[in-house]
Amino acid sequence: MIVRHKNRYLLVEASEPINTKDASIASALSESIGAEMGHIGYIRANPKVVHQFCDNAFIIRVNRGYERDLILATAFIKNIKGRQVALYTISTSGTVRSLLETAAKLYGIAKRTSPQKS
Amino acid sequence: MSGHFDIALFDVDRGLQERLGYDKVYSAGRDLLVSSHPAPGIPAIATGGDSGALITELRKPDVIGIAFDGAYIDKKAIEKAAEYGKPVFIFAARFTGLCGREKGAALHGLRKLFMAAHSLKARVVLVSMADSRAQLLSSAQLREIAHLISGGQDGGMMSWGGIT
């Protein structure tokens, strides 16, 4: 029997604008998360930014079962690439679509189509 | 709305309060005082490292709870807090910015505080007490930190019910 791999998605807001599409920022963010979760925890959770819909809010995909570890890790991140930045986890969901609906309500942005597959 | 409250050392705008999952983020200095000798007439959290002084402050009706300075834990003060039905506050901003071993040691100390309070049937409440946006935490993050400190025990750390 093939078991479907399931993910969870976290809506994260940064205290300052950050561009996660910038490779160096994305790498620094991954390093910060990895430093908090530890190498093994990071590999197990496999967090990845999948969608940024405004200057300081984005969606992180994580393997199901490790979302609480990621919430904890983001609570301890206070610095990304030398800049003082805090990350707040706003919401958690099993689908990107529902997070985008939440984001549309919270940030007053127009509903977007699904993000690019990565 | 989640029924959660937090305390910060600055005014958090209403939109951010809602996004972070709080009903209200109280502003220390305006909505309540955090002081070793709080003035009467305003709700306050008494802080300090002296058992006698904390117990004296606990008797005052305006004092809503106590917070220990640093790694100091006093069982007598915790016992009195339980007797008066007032919580022991933990300020997350004191340890979230620490690195490596320092953070580990701080969390270990807080677990000892939690275990002492839990055995004496005192309530323990975690609030951010952030002095800037960089120190703020969402209610989900506070919940996970509380879970980490309490070791996931039943009847673990409670979310603060706000000023009543």
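Laboratory data are not the source of any read-out in this text; all were calculated from the coordinates shown. All values reported here derive from a predicted model rather than from experimental measurement. Ideal geometry is used to build each Cβ from the backbone, glycine not excepted, and the neighbour counts take in all protein chains shown.
Simple spin-label model, 7 Å along Cα-to-Cβ: residue A:23 to residue B:132 in nm?
3.1 nm
Measuring from centroid to centroid over Cα atoms, what is the spacing of region A:39-86 and region B:106-132 in Å?
The two parts, judged by their Cα centres, are 25 Å apart.
I'd like the FRET efficiency for residue B:119 and residue A:44, computed as 1/(1 + (r/R0)^6) with the beta carbon distance as r and R0 of 41 Å, rounded to 0.05.
With a Förster radius of 41 Å, E is 0.75.
Which one, A:104, A:58, A:1, projects farthest toward the positive side of the charge dipole computed for the protein assembly as shown from Cβ point charges (K/R +1, D/E -1)?
Highest projection toward the positive end goes to A:1.
Just round it to a whole percent: the fraction of Cα-Cα distances in region B:7-164 exceeding 18 Å.
57 percent
Once phi is turned into θ = phi - 60°, what whole-Hz ³J(HN,Hα) does the Karplus curve with 6.51, -1.76 and 1.60 give for every residue of region B:122-136, x standing for Gly and Pro?
9, 7, 10, 10, 9, 10, 6, 6, 6, 9, 7, 4, 5, 9, 5
What's the average, rounded to a whole number, of partner chain beta-carbon atoms within 10 Å of each residue's beta-carbon in B:13-21?
Mean number of neighbouring Cβ atoms from other chains: 3.
Would you work out which of B:92, A:71, B:125 lies farthest towards the positive end of the dipole of the protein assembly as shown, given +1 charges on the beta-carbon of Lys and Arg and -1 on that of Asp and Glu, about the Cα centre?
The residue sitting farthest along the positive end of the dipole is A:71.
With the crude spin-label approximation of a point 7 Å out along Cα→Cβ, what separation in nm comes out for residue B:14 versus residue A:81?
In this crude spin-label approximation the distance works out to 3.5 nm.
Neighbouring Cβ atoms within 10 Å as the yardstick, rank A:6, B:103, B:80 fewest first.
Fewest-to-most Cβ neighbours within 10 Å comes out as A:6, B:103, B:80.
Under the definition of Cα pairs under 8 Å and six or more residues apart, what whole-number percent is the relative contact order of region A:7-107? Could the numbers behind the result be given before it?
On the way: 171 pairs, mean separation 41.4, N = 101.
Taking the mean separation of contacting Cα pairs over the length of region A:7-107, I get 41 percent.
With just the Cα atoms of region B:6-81, tell me how far they stretch along each of the three principal axes, in Å, largest first.
The Cα atoms of region B:6-81 stretch 41, 27, 17 Å along the principal axes, largest first.
Would you kindly compute the Cα radius of gyration of region A:48-102 and its largest Cα-Cα separation (Dmax), both in Å?
In Å, with Rg to one decimal and Dmax whole: 11.7, 33.
Strictly over 29 Å apart at the Cα level, which of B:60/B:112; A:78/B:80; B:86/B:112; A:78/B:76; A:78/B:121 would you flag in this model?
Over 29 Å Cα-Cα: A:78/B:80; A:78/B:76; A:78/B:121.
Report D for chain A in µm² per second (integer): Stokes-Einstein, Kirkwood Rh on Cα pairs, 25 °C, 0.890 mPa s.
Answer, rounded: 170 µm²/s.
Any idea what the dipole of chain A comes to, in debye rounded to 20, about its Cα centre with Lys/Arg Cβ at +1 and Asp/Glu Cβ at -1?
On the way: 17 positive and 9 negative charges, 105 e Å.
Computed about the Cα centre, the dipole is about 500 debye.
Would you kindly give the portion of the calculated P(r) for the protein assembly as shown that falls above 31 Å, as a percent of all Cα pairs?
30 percent
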